[in-house]
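Following: one structure in structure tokens, then a few remarks.
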Amino acid sequence: MIKAILIFNNHGKPRLSKFYEHYTEDTEQQIIRETFHLVSKRDENICNFLEGGLLIGGSENKLIYRHYATLYFVFCVDSSESELGILDLIQVFVETLDKCFENVCELDLIFHMDKVHNILAEMVMGGMVLETNMSEIITQAEAHNKMEKSEVRAALLRSD
Amino acid sequence: MPAVSKGDGMRGLAVFISDIRNCKSKEAEIKRINKELANIRSKFKGDKALDGYSKKKYVCKLLFIFLLGHDIDFGHMEAVNLLSSNKYTEKQIGYLFISVLVNSNSELIRLINNAIKNDLSSRNPTFMCLALHCIANVGSREMAEAFAGEIPRILVAGDTMDSVKQSAALCLLRLYKTSPDLVLMGEWTSRVVHLLNDQHMGVVTAAISLITCLSQKNPDEFKTCVSLAVSRLSRIVSSASTDLQDYTYYFVPAPWLSCKLLRLLQCYPPPEDGAVKGRLVECLETILNKAQEPPKSKKVQHSNAKNAILFEAISLIIHYDSEPNLLVRACNQLGQFLQHRETNLRYLALESMCTLASSEFSHEAVKTHIETVINALKTERDVSVRQRAADLLYAMCDRSNAKQIVAEMLSYLETADYSIREEMVLKVAILAEKYAVDYSWYVDTILNLIRIAGDYVSEEVWYRVIQIVINRDDVQGYAAKTVFEALQAPACHENMVKVGGYILGEFGNLIAGDPRSSPLVQFNLLHSKFHLCSVPTRALLLSAYIKFINLFPETKSTIQEVLRSDSQIRNSDVELQQRAVEYLKLSSIASTDVLATVLEEMPPFPERESSILAKLKKKKGPGAVSNHLLKTRKACLTDIKGISTPSPSADLLGLRAGPPVTAAAPSAGSLLVDVFSEAGVNDDGFLRFVCKNNGVLFENQLLQIGIKSEYRQNLGRMYLFYGNKTSVQFVTFTTTLNVQAKPVEPLIEGGAQVQQVINIECLTDFSDAPLLNIKFRYGGALQNLTLKLPVTINKFFQPTEMASHDFFQRWKQLSLPQQEAQKIFKANHAMDTEVLKAKLLGLGMALLENVDPNPENFVCAGVIQTKAQQVGSLLRLEPNAQAQMYRLTVRSSKDTVSKRLCELLAEQF
């Protein structure tokens, strides 16, 4: 099971946090800091897996991460997940974001947090993988976007 | 067209975010946020109804503020209102807010449930998915109660859209995890299993997680999934890379699903049906073969996906552990990966080989890679990988290669990362002991360990070397010689001084014949380290000195002089001072015979599981806590110390045993013992306090003793009230306790009550209660009374709330036979549920609702806090009303605790 999905930048500023187990808000913030601390001090081009921090369950859990330009994508998972599988999943997530935002960058995640959450929700639900097929995920995201646009347009027409 | 166009964001939101990003300081950021919060609050409270767009904007701002780590304590109601909107945009943002910010025990759940109910019956797939997501995110029991019946129906209904089916499967899984008793699969089982055959791969992807979880819990009911999983896997593995279209990932067909199918199969033994098994073996061979084919793409994603499947296949082969042919192929494949240029693959290969090393078919094959693994330990850049290499060396170690592996680990220790040193030390210590053929090698190894990584050598490790030296005559002389040499070093680690002091105190005579290590030389060597050591080590050295006086009478005057010096006999530390005084006295008044008896060589330790092994287990698995064997053992030297007030600080073996085992019998001088016919044993009174803290401990015609007590973590405070029931004074009223207590008023007036406070600290777990001895004169007659103080191990419980899943997982982790204690006994009291609950709560553990599938049963969880360690304990009480019997099962990480809890509790119901 995926326990948490965290995205933060090179300075540790959280850009997305999604926990699939309940923690208090304080603990969540501490987990983000702890995870950043663990991941950011690692060299580039070494292993993408490491044991989780103490707050999120220690050696029971693994952190599987990828570093893209200014952002770290970290998945915290238990032993029931395949490490390489999760690495692929991160790649699917990033490629999907890239398609949806056209060359995704950190600012997109900041200004469209709701969209990022929606795209993630098409992939992972309750800590389990819902869909891995990128085109399916994008189709859903596009459909939602279309719905949103038509509603906005309708609202504008009404207010005119 | 991109799915999200960048221009249509909300302007107000963008401005706010830019403001925050431009803040120069944390203070400025907080100020800006507080301003915004006030603004939003006033908008929400204001008279003007907000339109959907504004509500959405404000909720987005709140989400952003929350992400930055600020508390959001309003807006929940507005979010709930958005749920009932019929516009997608508003509904969606409402659900998002709730999934991020509402926890499972919010009061709003009922309102949210209403909105979900509407959306689930809306037949609009988008709305249904939003609702299902919300249930899966919050996953509270109330939601399970409301929807556990409905969701399986949505999942298997013929007309449900695929995307809804996917969400329904994972939603159900979430509810099953939180409230397994509410999700009744019964009639749905077969239809859920058949989702493995669904045409839509997305549905299979979601359903397989559900099926895997259900299979783990009810393997028999779901075992039909094995053949379906095999045939699905076979179709994927044999398909061409283009067959599965969108589910092909960088030329690999459905890698994620393949991995999950292979994981599902790991829940079961190899298929019995020959045809199914044949097909599966074929699949596994195909996967192994594909690994040797040239890659279809140079991209790392291609090899990742391919190898993800390969590693799962290897895990399955190791899990079956029955096909020697496949095992050897798996081992060879992993061997290739050990030298792969991708760090990730080396990491995973080391990890998989660890499990492979424990299979008898492949242990030898794994051993052939020893050089590569040693090389990895030395040269890998990444500490995670080095750690896996150390794990693998540990796993592949046997008698044939132990010396090589231990030597490599020792040399690695000199440069090892701080984070893994302690674990490495434990591993070296265990291997050295386990595979020691000649014990001089063992002694050398441990002393090297202390020299190289003294700071990381825990008590368990040096206790253990002493245990072994004491138990083996053949190594004692060598050990004495080696520690003597090791102590010559100008700077040696304090742990070395401890081992040295202990061993020379016991066996210094074995090397005393050599003038270079004559008794006085030995003593002077030890004493030269004395001033640099901490109090516990000094205490140990003092004990070694008194042992020297017995071993070598010629050192007596020198040592007495040391003991007599102000720095010892007036030491500000009570323990050191007491030892100095007592040892000095002992050495001057006891005859040689008495000294020889009191200070006799330590008897062999009973052979038990190595405490180091237990310590390693603790480090590896949370909840499993080491048993400090040595701590429960009484060292001989303690017996010569005053029985009246055993000191709380460490003695020779760091022994912090609780109360002495011997119950102080009423003294022979007490003439009126018959007044206290209950004297000596007050088990009844004692047992009444297991589940409560206040009450009357003892009462007879003369005296009433009441107790009030409170406990927090490993500390407790007990108030004892001594009430004189007569009209005559009690004089020279004294109480002695084998724990330190403030003295009590020596005089109790007739009809009066005096109070005594006892502070309690639990150092380690214990079985025997402290004894309280009370003496006083009543009308000239001496009264003497000994009572067990109701301090029991459960008083130091901290309740632990946990969900059912966690409970069972921990329950399984504590599966060693000695970790469990069980009793079946007859009910002594009426089997009233409420009374039982009250008692269990009084015990101090958390009473967990909805964990045991049988509602009649009770399960509890708690952690016993002692100074030395924490002992996690789980309890299950199964009443059988018909037979008027109970079955009580206690599991804890420490065997003595399980046993004691079981004994205490069996008397309570």
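Taking the stretch B:431-547 as the region of interest, the helices (runs of 4 or more DSSP H) fully inside it that hold 3 or more residues being farther than 28 Å from residue B:392 by Cα are B:459-471, B:473-487, B:494-507, B:519-530. Considered as a group, the residues in the stretch B:65-105 that are more than 19 Å from residue B:20 (Cβ to Cβ) and among the small types (Gly, Ala, Ser) include one that is nearest to the other protein chains (Cβ to nearest Cβ), and that residue is B:104.
Annotation for the stretch B:807-828: at least one member residue is closer than 26 Å to residue B:711 by Cβ, part of a loop (DSSP other than H, G, I, E, B) and out of contact with any Gly (no Cβ under 9 Å at 6 or more places or on another chain). Any residue in the stretch A:100-107 that is crowded, with 22+ Cβ neighbours inside 10 Å, more than 27 Å from residue A:24 (Cα to Cα) and not hydrophobic (A, V, I, L, M, F, W, C)? Scanning the stretch A:100-107, I find no residue that is crowded, with 22+ Cβ neighbours inside 10 Å, more than 27 Å from residue A:24 (Cα to Cα) and not hydrophobic (A, V, I, L, M, F, W, C), so the answer is no.
Only a single criterion out of (1) under 11 Å from the mean Cα position of the chain (by Cα); (2) touching a residue at least 40 places away in the same chain (Cβ under 8 Å); (3) within 7 Å of another protein chain (Cβ to nearest Cβ) is not satisfied by residue A:110, namely (1). Suppose the filter is facing chain A (nearest Cβ under 9 Å) and either out of contact with any Asp or Glu (no Cβ under 7 Å at 6 or more places or on another chain) or modelled with pLDDT under 80 (or both); does residue B:42 pass it? For residue B:42, the condition - facing chain A (nearest Cβ under 9 Å) and either out of contact with any Asp or Glu (no Cβ under 7 Å at 6 or more places or on another chain) or modelled with pLDDT under 80 (or both) - is not met. The single condition from (1) away from chain B (no Cβ under 11 Å); (2) assigned to a helix (DSSP H, G or I) that residue A:38 fails is (1). Looking across B:365, B:407, one residue alone is of a type outside the set (Val, Ile, Thr) and either in contact (Cβ under 8 Å) with a residue 12 or more places away in the chain or closer than 22 Å to residue A:48 by Cβ (or both). It is B:365.
Of all residues in the stretch B:142-159, those that are over 16 Å from residue B:128 (Cβ atoms) have Cβ atoms under 7 Å from Cβ atoms of residues that are in a helix (DSSP H, G or I) and of a type outside the set (Ser, Thr, Tyr), 6 or more apart or on another chain, in B:142/B:109; B:142/B:113; B:144/B:175; B:148/B:175. Residue-level check: of (1) under 12 Å from the mean Cα position of the chain (by Cα); (2) more than 8 Å from every other protein chain (Cβ to nearest Cβ); (3) polar (S, T, N, Q), residue A:103 misses just (1).
Total residues in the stretch B:116-167 satisfying the condition of being at the interface with another protein chain (Cβ under 10 Å from one of its Cβ atoms) and aliphatic (A, V, I, L, M): the figure is 5.
Just one of the numbered conditions (1) buried (at least 16 other Cβ atoms within 10 Å of the Cβ); (2) within 14 Å of chain A (Cβ to nearest Cβ); (3) without any contact (Cβ under 8 Å) to a residue 12 or more places away in the chain is not true of residue B:245: (1).
Here residue B:387 fulfils each of the conditions (1) at pLDDT 90 or above; (2) buried (at least 21 other Cβ atoms within 10 Å of the Cβ); (3) over 27 Å from residue B:237 (Cα atoms) apart from (1). Name every residue in the stretch A:51-78 that is touching a helix residue (DSSP H, G or I) at 6+ places or on another chain (Cβ under 9 Å) and at pLDDT below 90, in order of residue number. Matches in the stretch A:51-78: A:51, A:52, A:53, A:54, A:55, A:56, A:59, A:69.
Scanning the stretch A:50-90 for residues that are at the interface with chain B (Cβ under 10 Å from one of its Cβ atoms), of a type in the set (D, E, K, R) and without any contact (Cβ under 8 Å) to a residue 60 or more places away in the chain turns up A:51, A:60, A:62, A:83, A:88. Of the residues B:229, B:206, the single one that is closer than 21 Å to residue B:265 by Cβ and more than 14 Å from chain A (Cβ to nearest Cβ) is B:229. Residues satisfying the criterion are present in the stretch A:131-149 (criterion: assigned to a helix (DSSP H, G or I) and in contact with a Cys (Cβ under 7 Å, 6 or more places away or on another chain)). Taken over the stretch B:343-355, the criterion of being within 12 Å of chain A (Cβ to nearest Cβ) and at pLDDT 90 or above is satisfied by B:343, B:344, B:345, B:346, B:347, B:348, B:349, B:350, B:351, B:352. Here residue B:186 meets each of (1) touching a helix residue (DSSP H, G or I) at 6+ places or on another chain (Cβ under 6 Å); (2) more than 22 Å from residue B:114 (Cβ to Cβ) with one exception, condition (1).
Evaluated against (1) of a type in the set (Gly, Ala, Ser); (2) in contact with a strand residue (DSSP E or B) (Cβ under 6 Å, 6 or more places away or on another chain); (3) crowded, with 17+ Cβ neighbours inside 10 Å, residue B:239 falls short on exactly one condition, (3). Evaluation of residue B:304 against the conditions (1) at the interface with another protein chain (Cβ under 9 Å from one of its Cβ atoms); (2) out of contact with any helix residue (DSSP H, G or I) (no Cβ under 8 Å at 6 or more places or on another chain); (3) of a type outside the set (D, E, K, R) shows that the sole unmet condition is (2). Scanning the stretch B:692-726 for residues that are part of a strand (DSSP E or B) and among the hydrophobic types (A, V, I, L, M, F, W, C) turns up B:696, B:697, B:698, B:703, B:705, B:707, B:715, B:718, B:720, B:721. Only strands (runs of 3 or more DSSP E) whose full extent lies in the stretch B:834-887 are considered here, and the ones with at least 2 residues that are farther than 16 Å from residue B:905 by Cβ, touching a residue at least 40 places away in the same chain (Cβ under 8 Å) and not aromatic (Phe, Trp, Tyr) are B:858-865, B:870-880. Of the residues in the stretch A:151-158, not one is touching a residue at least 24 places away in the same chain (Cβ under 8 Å), at the interface with another protein chain (Cβ under 8 Å from one of its Cβ atoms) and either out of contact with any Leu (no Cβ under 7 Å at 6 or more places or on another chain) or buried (at least 20 other Cβ atoms within 10 Å of the Cβ) (or both). Number of residues in the stretch B:180-219 that are surrounded by fewer than 16 Cβ atoms within 10 Å (Cβ to Cβ) and among the hydroxyl-bearing types (Ser, Thr, Tyr) equals 1. Scoring residue A:86 on the criteria (1) hydrophobic (A, V, I, L, M, F, W, C); (2) more than 21 Å from residue B:261 (Cα to Cα); (3) in a helix (DSSP H, G or I) leaves a single failure, condition (2). Among the residues of the stretch B:206-264, those identified as more than 16 Å from residue B:193 (Cα to Cα) and among the charged types (D, E, K, R) are B:235, B:243, B:246.
The values are calculated or read from the model by the stated rules, or taken from the named source; none is laboratory data. Treat the numbers as computed from the prediction; the structure is a model and nothing was measured. Heads up, the Cβs are rebuilt from the backbone with ideal geometry, glycines too, and the neighbour counts pull from every protein chain shown.
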